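The values are calculated or read from the model by the stated rules, or taken from the named source; none is laboratory data. What you see is a predicted model, and the numbers here were worked out from it, not measured in a lab. Please note: Cβ atoms are built from the backbone with ideal geometry, for glycine as well, and neighbour counts cover all protein chains shown. Ligands, DNA and RNA are excluded from the accessible area calculation, which covers all protein heavy atoms including side chains. Shrake-Rupley method; radii C 1.70, N 1.55, O 1.52, S 1.80 Å.
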Amino acid sequence: MPLPDRGGPLAGVRVLELTKVWAGPYAGKMLAHLGAEVIKIESATNLDEMRAYGGVDINSAPYFLSINQEILSVQVNMKTAAGLDLVKQMVAASDIVIDNIRPGAMERSKLDYESLKQIKPDIIQCSIKMWGTDGPLGYQTGYAPCFAALSGLTALVGHEGETPKGMNIRYGDSTAGACAALACIAALHHRERTGEGQFIDLSAVETMTSLVGDSLFAYSVTGEVPQPDGNFHPEMCPHGAYPCANGEWLSIAVASDAEWQSLCEVLGAADLAGDARYATLAGRLASRHALDRALGGITAAQEAGDLAERLRLAGVPAFRSQSSLDLCGDGWLWGREAYRMVSDHNNGTRPIIGPAWRMEPDAAKVETGAPLLGEHNDYVYREILGLPQDRVDDLIARKVID
Amino acid sequence: VTALAGITIVEIAERPAGEYTARLLADFGAEVIKVERPGGAPTRSMGPFKNGESTLFHYFNANKKSVVLDLADPADRATLDRLLARANGLIDDHDEAWGAARGLTSAEVAAAHPHLVHAIITPFGQGAPLEWQIARPINVINAGGWAYHSPSETPPDKPPLKGAGRFLPDYESAIDAATCVLASLHRQRKTGAGQFIDISEVEVQLNRVDCVLDRMLAGEAEPGPERTAYDMGGPGTSFACRDGHVYLFMTSKSHWKGLCELMGNPDWAQAFREDWLEFDCTRDNVVRFREHFTAWIADKEKMPITEAAQKGGVAMVPVSTAADLPQNEQFVHRGFFQKFDHPAFGEVAFPMACYKLSASPVAIRTAAPALGAHDPEVEAR
């Protein structure tokens, strides 16, 4: 049976995924949430680790369910010649192939770009690797905090004067996946215009580097090496996170003298408002550590959410620093469908973190949760590849479809 | 050959979020016409400066054209409509009141230019309370949770951090915005029709942590007030060495074995079970390991020691600084930094994209424009 039409701007685009863990699947998710038909090649003998984390049932693994909505799953044992042949038939019916498997693995399976081009001349292939596809360090593999450290990003994140600890250890994979999705769609445009496919070589390290591009460009021009700088901002002061009651924190960003005066008024800090040291940005920056301490002394007794609201209404940008508990209970986010429900094989429905965009008209539907292993075998083998049922049965019996 | 040749994007954005969105598209070869207010874009007056020019502005606005329009002035506003009539896309990042005052709400743009792909990037998305819409990057990254949980293992008395540089959430939002715009332009090629795209910067922050936060939403992990709620545990962190810092990540018996060999199998290491990372990774053991390792690594140099580590299967890497990157052999090999003879700054190195496209590579072709440099060209259209 053909699948229901989900609409969306990438309707009609078919993507094949040979991906694992986070960065690759996240790229697939982005494209699926824009309406592409994304088929994940899986095998019981070579599972995405995300189906194993959490320890229970491979079809209800929390990590897997949290990423792979609107993804189709087809089983193929790529360690068999017949399995590889099936993958190549799928390539022939696809627009884009994304992988983030180990360096060299695609080449060993004869699924490198030159080989894929023989199968489908206008194929777009995107390979996500820690260091990209080639080069002297291309053999290395790593984990998100490693590529953030290598990239130059970690060196900029730390409390002032301390060892730069970088962003949270989870940061990095998803952004690499997002950039892969972006590049794939750019390549679709190139193909629309010229008829030509291409190879996209994506480096996860460079993804992180690109996020500090302005700092690196400034270094290239001025020669001043940027440092881990806490919450320092050369053009705003106060600028930081301030302690509040019950262990909460409040972010405040003051860009003008008028905002500074409003901040003091809301805080009832007439002494700070009248302190000549703090009257100008230059003065506040010069005394910013003392100023931060003074402000922290005032905010510490207040409730973060309430103070933030009063500051915003006075024109001072402020927002509570949200914990996981705050985020899960955030009424605005639920109300806007930042979190939404999709189908779930065990529980009927499951909340997911929906796309960060809304489109009007013709948004892609995001309603179906992550697939069971091989849930779309019939669709792929019967509908797309057009194999007769007895041939599919034979492939299952021979564990080519496993 | 560029991927987006023939595509025209009008940018009325005035923050890095929107400017970087359009820069990503310009790098792919779209013609990006940047509309600047009289006096110039706000980012022109943000530092760091050299020779009186903003490095920030020049980074986010390379490959673009500049026209000056006062969008509150009816004649200039009509000029914008003429541009939009022939453009494929419009990029904005202002609050809703700004758009309403200039006839640039989603409904007005869709009515006047039904073919147009129109994206607006705002901190909380369309429909947020007006006073929320003034949020700045540090507010966004705090509202979205990454600040609260960064760095990993931050003690409760240390403030959440804004991330790297001033604009980390802007970059993240721009990636999603550019992705959506490109997807929508693909649809425009097929149907001739436009779309409105509403990007929430905070929701981008949430989406990037899907497999951590969603498990909490779904009740599979416990959300809480802990600063460590996103952490993974284990000994991985940054350590100071002789000439900077290294980052060590370890999760397995083979990582541990490799590290012990690298260190020459010191006596203190023998006190750990060989599988302690998997089965005995207690807080005490992590602390004890870090004490010893901190002392051992302190006099090592980051490049040779991490290279030796990699060869022994240990995921230890240098914490690269801005000065390290242009000399890094892998960055050099891939040509990540594009040398460019810049009219304002002389010889510079542009950090480029993380994707190398074999048929339509991205490149800096022109420096960021002088204010209004393309007024005559646009006037003639």
* Whole number please: convex hull volume per residue of the Cα set in the stretch B:228-376, in Å³? -> 189 Å³
* To do: Give the Cα extents of the stretch A:101-259 along the principal axes, in whole Å, largest first.
  => 63, 39, 34
* Residue with peak Gaussian network fluctuation, chain A [Cα springs, cutoff 10 Å], from A:E206, A:E309, A:E375 -> A:E309
* When the helices in the protein assembly as shown are scored as -39500 (n - 2.57) per DSSP H run of 4 or longer and the sum is shared across all residues, what 222 nm value do you end up with, to the nearest 500 deg cm²/dmol? -> -10500 deg cm²/dmol
* Structure fact -> In the stretch B:253-292, the chymotrypsin sites (Phe, Trp or Tyr not before Pro) that sit in a DSSP loop and have at most 14 other Cβ atoms within 10 Å of their own Cβ are none
* Structure fact -> Whole-number value, in Å³ per residue, for the convex hull of the alpha carbons of the stretch A:232-327 is 88 Å³
* **the stretch A:325-402, Cα convex hull volume normalised per residue, Å³** => 145 Å³
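Compute the whole-percent fraction of alpha carbon pairs in the stretch A:267-315 spaced more than 16 Å apart. Please list the in-between numbers first.
Numbers: 553 of 1176 pairs.
Of the Cα pairs, 47 percent sit more than 16 Å apart.
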* Against the globular-protein guess of 2.2 N^0.38 Å, express the Cα radius of gyration of the stretch A:249-402 as a ratio, rounded to two decimals. => 1.85
* **Taking the convex hull of Cα positions in the stretch B:326-381, its mean projected area over all directions (nm²)** => 5.7 nm²
* Asked: Taking chain A on its own, what percent of its Cα-Cα pair distances exceed 41 Å?
  -> 28 percent
* Asked: Distance from the Cα centre of the stretch A:347-402 to that of the stretch B:81-118, in angstrom?
  -> 38 Å
* To do: List the pair-distance distribution P(r) of the stretch A:41-101, using every Cα-Cα distance, as the percent of pairs falling in each 10 Å bin from 0 up to the bin containing the longest distance, rounded to whole percents.
  => 19, 48, 29, 4
* Asked: Taking N as the number of residues in the protein assembly as shown, what value does Rg over Cα atoms divided by 2.2 N^0.38 Å take?
  -> 0.93
* To do: For the stretch B:153-205, restrict the atom set to alpha-carbon positions and state the Rg and Dmax in Å.
  => 16.7, 55
* Residue-normalised accessible area of the stretch A:58-211, expressed per residue, 1.4 Å probe, Å² -> 26 Å²
* Per-residue HN-Hα couplings for the stretch B:276-283 [Karplus 6.51, -1.76, 1.60; θ = phi - 60°; Hz; x = Gly/Pro] -> 4, 5, 8, 10, 9, 8, 7, 4
* Measuring from a point 7 Å past the Cα of A:A286 along Cα-to-C-beta, which residues in the stretch A:211-249 have an amide N at less than 20 Å? -> A:232-239
* With eigenvalues of the C-alpha gyration tensor scaled by 5 and rooted, chain B, Å -> 46, 25, 18
* Rounded FRET efficiency, nearest 0.05, which uses the C-beta distance separating B:R381 from A:D306 and R0 of 35 Å -> 0.10
* With eigenvalues of the C-alpha gyration tensor scaled by 5 and rooted, the stretch B:206-252, Å -> 29, 11, 10
* Structure fact -> In order over the stretch B:243-260: 3J(HN,Hα) from phi, Karplus 6.51/-1.76/1.60, θ = phi - 60°, whole Hz, x for each Gly or Pro, gives 10, x, 9, 10, 10, 10, 10, 9, 9, 10, 4, 6, 4, 5, 4, x, 5, 4
* Could you run the Debye sum over the Cα atoms of the stretch A:229-271, one equal point scatterer each and no solvent, and tell me log10 of I(q)/I(0) at q = 0.22, 0.26, 0.34 Å⁻¹, two decimals? => -0.81, -0.99, -1.12
* Structure fact -> Given unit charges at Cβ for Lys, Arg (+) and Asp, Glu (-), the dipole magnitude of chain B about its Cα centre in debye, nearest 20, is 840 debye
* Asked: So how much accessible area does A:W249 have, in Å² to the nearest 10, using a 1.4 Å probe?
  -> 20 Å²
* Structure fact -> Which residues qualify? For B:T237, with a placed amide H closer than 5 Å and at least 5 residues away or on another chain, they are B:L248
* Structure fact -> Output row, site A:S343, 7 Å Cα→C-beta label point, backbone N cut-off 17 Å, window the stretch A:368-402, residues A:368-380
* Asked: Pick from B:D70, B:D92, B:D280: which is most flexible by mean-square fluctuation in a GNM of chain B where alpha carbon atoms under 10 Å apart are linked?
  -> B:D280
* Structure fact -> Normalised Cα Rg of the stretch B:273-312, dividing by 2.2 N^0.38 Å with N its residue count, works out at 1.39
* Asked: Hey, what do the phi angles of the stretch B:335-343 turn into as Karplus ³J(HN,Hα) couplings, whole Hz, using 6.51/-1.76/1.60 and θ = phi - 60°, x for Gly and Pro?
  -> x, 4, 8, 9, 5, 8, 8, 8, x
* Asked: Taking H as built 1.01 Å from N, whose amide H comes closer than 5 Å to the amide H of B:G194, not counting residues under 5 places away?
  -> B:H115, B:L116
* Structure fact -> Shape descriptors of the stretch A:86-191 over alpha-carbon atoms, Rg and Dmax in angstrom, are 16.9, 57
* Between the stretch A:55-109 and the stretch B:324-381, what is the C-alpha centre distance in whole Å? -> 36 Å
* For q = 0.10, 0.13, 0.15 Å⁻¹, Debye-computed log10 I/I(0) when each Cα of the stretch B:1-154 counts as one equal scatterer -> -0.39, -0.66, -0.86
* Asked: Rg and Dmax of the stretch A:19-126 over Cα atoms: what are they, in angstrom?
  -> 13.8, 42
* To do: Between the alpha-carbon centers of the stretch B:173-202 and the stretch A:19-49, tell me the distance in whole angstrom.
  => 22 Å
